[in-house]
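Read-outs: derived from the displayed coordinates by stated rules, not from any lab. Nothing here was measured: the structure is a model prediction, and the numbers come from that model. With ideal geometry, Cβ positions are generated from the backbone for all residues, glycine too; neighbour counts draw on all protein chains shown.
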Amino acid sequence: MITKKNLVLLGPPGAGKGTLSDPLMAQEKLAHISTGEILRGEVAAGTELGKQAEACMKSGKLVPDQVVADMVAARLATPGCADGFILDGFPRTVAQAELLEEAMNRIGMKLDAVILFEAPEDLLLQRLTARLTCKKCGVAFNKLFAPPKQEGVCDRCGGELIQRADDSLETAKNRLKVYHEQTAPLIQFYEEKGCLARIDSSLPVSEGFAALLALLK
Ligand code: AMP
């Protein structure tokens, strides 16, 4: 059982935030709010928001702060988030963190923990460029570290596995650069608030998950 349930998973792309969210959600009744996943859904559905976001996402840049913050605020206010939630990939700038704080204050919520996923840069690039994502349910596999049972097919839902356009080497490098420039300042931001905990995300999934649970007790 964990006691910390309103969570932010912070860390560079490829650090395993989504990978460890999966077993955590299987064990605990937490809502998973991945801004990347929501945005990919908007792009696939061809909505106005999706059209606005698509160019930024293709090049690995960030979608404007207010756009993502509004999306998250709307989700947090739904009943599914009342028993706890995992924010995965949000906030990504100090401005987003401030907008999140305002939104949570408005609905009487507070963050219990911010978990920083850390891994060496070469491992992140290796993971990103070997990542396969299910077109249907969004779950991630990895050609090198966690291959699907059957090539090209999702173990969970049978959907087709593809490489995300932004997992190409060039875009992955740019996403890491954007992380260091715009997202890494959040480490100090949350450290100063006293709610940051760190996890070594180069560990195998089972060990990483055990370390995560220990932090959330
Ligand atoms: P992710 O799946 O979290 O790696 O996100 C994929 C892409 O969606 C990012 O490279 C950004 O273009 C966009 N995105 C996701 N979350 C955010 C966010 N919090 N702020 C701005 N852009 C975001």
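Based on this model, can you work out whether VAL63 counts as touching an Asp or Glu at 6+ places or on another chain (Cβ under 9 Å), at negative phi and surrounded by 15 or more Cβ atoms within 10 Å (Cβ to Cβ)?
Numbers: touching an Asp or Glu at 6+ places or on another chain (Cβ under 9 Å): no; at negative phi: yes; surrounded by 15 or more Cβ atoms within 10 Å (Cβ to Cβ): yes.
No.
Residues being in a strand (DSSP E or B) and more than 18 Å from ARG198 (Cβ to Cβ): count how many of those fall in region 10-22.
The initial filter retains those residues of region 10-22 that are in a strand (DSSP E or B), namely 10.
The next check asks that each one be more than 18 Å from ARG198 (Cβ to Cβ); those that pass are none.
Number satisfying all stated conditions: 0.
Conditions (1) touching a residue at least 40 places away in the same chain (Cβ under 8 Å); (2) closer than 23 Å to ALA184 by Cβ; (3) in contact with a His (Cβ under 9 Å, 6 or more places away or on another chain); (4) in a helix (DSSP H, G or I), marked per residue:
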{"position": "VAL8", "(1), (2), (3), (4)": "yes, yes, no, no"}
{"position": "LEU24", "(1), (2), (3), (4)": "yes, no, yes, yes"}
{"position": "GLU37", "(1), (2), (3), (4)": "yes, yes, no, yes"}
{"position": "GLU54", "(1), (2), (3), (4)": "no, no, no, yes"}
{"position": "GLN66", "(1), (2), (3), (4)": "no, yes, no, yes"}
{"position": "ALA74", "(1), (2), (3), (4)": "no, no, no, yes"}
Seminar exercise, completed: Of (1) within 18 Å of the chain's Cα centre (by Cα); (2) on the phi < 0 side of the Ramachandran plot, GLY159 fails just (1)
For this session: Take region 43-65 and flag every residue that is more than 10 Å from the ligand (Cβ to nearest atom) and not small (Gly, Ala, Ser).
Result: THR47, GLU48, LEU49, LYS51, GLN52
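Going by the conditions given, is ASP88 away from the ligand (no atom under 11 Å from the Cβ), touching a Ser or Thr at 6+ places or on another chain (Cβ under 8 Å), touching a residue at least 60 places away in the same chain (Cβ under 8 Å) and of a type in the set (Asp, Glu)? Before you say what the answer is, go through the steps one by one.
Numbers: away from the ligand (no atom under 11 Å from the Cβ): no; touching a Ser or Thr at 6+ places or on another chain (Cβ under 8 Å): yes; touching a residue at least 60 places away in the same chain (Cβ under 8 Å): yes; of a type in the set (Asp, Glu): yes.
Taking the combined requirement at face value, the residue does not satisfy it.
Sort out for me the strands (runs of 3 or more DSSP E) sitting completely within region 101-217 that have 1 or more residues that are within 16 Å of the ligand (Cβ to nearest atom), crowded, with 18+ Cβ neighbours inside 10 Å and without any contact (Cβ under 8 Å) to a residue 24 or more places away in the chain. I'd like the intermediate steps shown before the answer.
On the way: elements: 113-118, 131-134, 140-142, 196-200.
Correct list: 140-142.
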